[in-house]
Amino acid sequence: MGKKARSILVAAAVALVAAGGAYAWLQHRAGDDGVLRLYGNVDIREVQLAFRQPGRVAQMVFDEGDVVTAGTRMATIDATPYEDALAAAEASVRIAQAEFAKMRRGLRPQEIAQAREALNRASAVADDAERNLHRQSVLLASGASSQRTVDAARAGYEQAIAGVKAARAALSQATEGFRREDVSAAEARLASAEAARAQAATALADTVLHAPSDGTVIARAREPGSMVSSQSSVYSLSLDAPVYVRAYVDEPELGRVAPGTPVRVLTDSSARAYRGQVGFVSPRAEFTPKTVETADLRTDLVYRLRIVVDDADDALRQGMPVTIEVDDQPGAAAGNGAR
């Protein structure tokens, strides 16, 4: 075989290999049925449950693997300190209410009557002091009294007049009631006491930990008798819904996976095909993570997808690898409804 013939055979072999690679690539991307197949992992949401208040754990109701429903009581801490705090706050509210009511109503009728009688006594004393001053002045003119006596009488009269003014002001204050500023201050103290009571009631309610949604307990981190600080995790809860699948698609196929596009989710452990739809397409490109078990794609730039599984069940578990079929070709869905 000549040199030219060998070159022709090599070129033909290269072309054949390239054609085979292109065919395999097309089979991987869309398959001969026009279905786009992607690969990803189940991404179930988890919640770390913790008390908002510190204290001693009194009860842990569930164990790992238990199924809970939203609103179920899962754990409690000793509520005694918080009950005492709420009782003290309620007493403070009652005191503030009484003070505010007193300020708003003003003095009692008996107190107003006492102020009026005090003014009458002060007026009587002033009248007597005035007569004494007049008498001592007359006696001084006749030589029967001294200047010192007259000065003392005048001082007593002036003191009596001052007492009348003070008694009159006290009666006016008793009649008019407390100042608006004092009433406003009492109202503010009442509002502060009520806020403290609400805060104490919230703290008491926080001694009970409830499940935020339906799910499965995957970790129990504390036991009764343990001291926990606020925000210390006591349970890890895997949420039943929604169940997501994290997958990746390269740029040429982005047009086939718009949000809302229906998909099928397939697993290796079951023949069931789950229904879902594309819920999110990342606007940012990234390298394919190694968890996507397609070696030829690991170095490509791709876009992350979030698939929302509509009919998930217990067979879909956190991290499980899955295959996503995007069947956007007309008429193709009829023959590919399940595997």
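Rounded, prolate or oblate: pick one for the range 190-241, where a ≥ b ≥ c are the square roots of the eigenvalues of its C-alpha gyration tensor, a/c under 1.5 means rounded, and failing that, prolate if a/b is larger than b/c, else oblate. Show your work: numbers first, answer last.
On the way: a/c = 4.14, a/b = 1.92, b/c = 2.16.
Note, shape of the range 190-241 comes out oblate.
Counted by Cβ distance under 12 Å from residue 279, the other residues give a net charge of +1, where Lys and Arg count +1 and Asp and Glu count -1.
If R₀ is 25 angstrom, what is the calculated FRET efficiency for the pair residue 46 and residue 199, using the beta carbon separation as r and rounding to 0.05? Numbers along the way, then the final one.
Working: r = 30 Å, r/R0 = 1.21.
Once rounded, the FRET efficiency stands at 0.25.
Between residue 230 and residue 142, the simple label model (points 7 Å from Cα in the Cβ direction) yields a spacing of 8.7 nm.
Sequentially through the range 112-128, phi angles give Karplus couplings (6.51, -1.76, 1.60; θ = phi - 60°) of 5, 5, 5, 5, 5, 5, 5, 5, 5, 5, 5, 5, 5, 5, 5, 4, 5 Hz, Gly and Pro residues having no value and appearing as x. Ordering of 197-205, 143-151 by packing is 197-205, 143-151, highest average first (other Cβ atoms within 10 Å, averaged per residue).
I want the local charge near residue 229. Using Cβ-Cβ distances under 12 Å, sum +1 for each Lys or Arg and -1 for each Asp or Glu among the other residues. Before the final figure, lay out each step's value.
Details: positive: 52, 56, 222; negative: none.
So the surrounding residues net to +3.
Reported value for the range 99-187: 86 Å³ per residue, from the convex hull of its C-alpha atoms. Once the C-beta distance of residue 135 and residue 101 is scaled by a Förster radius of 41 Å, the resulting FRET efficiency is 0.20 to the nearest 0.05.
Any read-out appearing in this document is the output of simple, stated calculations on the displayed coordinates, not a laboratory observation. This structure is a prediction, so every number in the text was calculated from the model and none was measured. All Cβ positions, glycine included, derive from the backbone under ideal geometry; neighbour counts span all protein chains shown.
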